[in-house]
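Reviewing the structure listed below.
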Amino acid sequence: MDAKSAFLNGFIEEEVYVRQPPIFEHPKFPNRVFKLQKVLYDDRGVRDEDDGRTSVFIGHQIRQTPQGTFVHQSKYTRDLLQKFEMADASLHMTPMSTSTALDADEDGKKVDQKVYRGMIGSLLYLTATRPDIQFAVGLCAHFQAFSRESHRTAVKRILRYIKFTSEFGLWYSADSSLFLLGSSDSDHVGCRIDRKSTSGTYQFLGTSLVSWSSRKAVQCSHFHM
């Protein structure tokens with residue numbers, strides 16, 4: 001059957017199996033397929049819960065009140081921790097130490113590359129509502145092609161942090177002003193491998209965070225005295 005379009009055309013009575021998405025494979029069963037239990041997508045794209053004020057949109061939980069709207073991924077976070085066997089791990093109050101400077105660690109112990117990529121892919125999806133982990137996840141993502149024990153340790157610290165802050169998300173106040181405020185910063189040749197800088201930016205509309213980024217420079221800057 002045409003599984004790509006079947007979800008948009010009425011109820012499914014047949015048994016449907018889907019391949020695991022790349023980099024999102026189950027670490028213990030990477031070669032297995034999933035049996036579809038429910039529709040992946042419906043006409044509205046949004047599923048209402050309870051009294052209609054809480055909705056779920058592609059993994060994002062949206063809570064609307066007269067005071068504002070709260071967007072978070074707490075359920076996704078719990079599922080992520082369960083998937084990578086970190087649900088019972090100890091907590092950490094920060095995603096990464098300010099003194100952390102990861103490098104290639106060529107002499108370090110190699111780790112399962114597929115599992116490491118799965119961790120990074122799952123965390124990258126979480127950054128849609130968690131700008132506080134954007135830089136740390138981006139830094140660890142640089143080592144997907146040659147992951148080592150030191151890199152996995154850094155990723156596990158992020159997982160311990162999101163366990164500690166699983167209810168964090170984005171709050172959009174109904175009373176927020178329309179005053180736009182932005183800022184940026186850079187770590188100035190912070191990468192220990194190629195000496196490139198990583199910059200970070202954010203933009204607030206009143207008290208609501210509407211845009212953010214953490215991006216590594218394309219090329220090095222050269223200064224002449």
*Residue list for the stretch 50-81, filter: over 15 Å from the mean Cα position of the chain (by Cα) and either hydroxyl-bearing (Ser, Thr, Tyr) or over 23 Å from Ser173 (Cβ atoms) (or both)*: Thr54, Ser55, Thr65, Thr69
*Taking the stretch 180-189 only, how many residues are within 12 Å of Val210 (Cα to Cα) and open to solvent by 60 Å² or more (accessible area, probe 1.4 Å)?*
2
_Of all residues in the stretch 66-96 being in contact (Cβ under 8 Å) with a residue 60 or more places away in the chain and hydroxyl-bearing (Ser, Thr, Tyr), the one that is most open to solvent (accessible area, probe 1.4 Å)_ = Ser90
*Please report, ordered by residue number, the strands (runs of 3 or more DSSP E) entirely within the stretch 123-224 with at least 1 residues that are in contact with a strand residue (DSSP E or B) (Cβ under 8 Å, 6 or more places away or on another chain), under 16 Å from Leu80 (Cβ atoms) and modelled with pLDDT of 90 or more.*
169-173
*Report, by residue number, each residue of the stretch 119-169 that is open to solvent by less than 10 Å² (accessible area, probe 1.4 Å), among the hydrophobic types (A, V, I, L, M, F, W, C) and in contact (Cβ under 8 Å) with a residue 60 or more places away in the chain.*
Ile120, Ile158, Leu159, Ile162
*Among the residues of the stretch 190-202, write down those that are open to solvent by less than 70 Å² (accessible area, probe 1.4 Å) and out of contact with any Phe, Trp or Tyr (no Cβ under 9 Å at 6 or more places or on another chain).*
Gly190, Cys191, Asp194, Lys196, Ser197, Ser199
_Any residue that is within 25 Å of Gly59 (Cβ to Cβ) and either more than 21 Å from the chain's Cα centre (by Cα) or of a type in the set (Phe, Trp, Tyr) (or both) - is there at least one of those in the stretch 123-136?_
yes
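The values are calculated or read from the model by the stated rules, or taken from the named source; none is laboratory data. This is a predicted model, so every value here is computed, not measured. Because the Cβ atoms are built from the backbone with ideal geometry, glycine has one as well, and the counts that use them run over all protein chains shown. Surface areas here come from the heavy atoms of the whole protein model, side chains and all, with no ligands, DNA or RNA. Shrake-Rupley method; radii C 1.70, N 1.55, O 1.52, S 1.80 Å.
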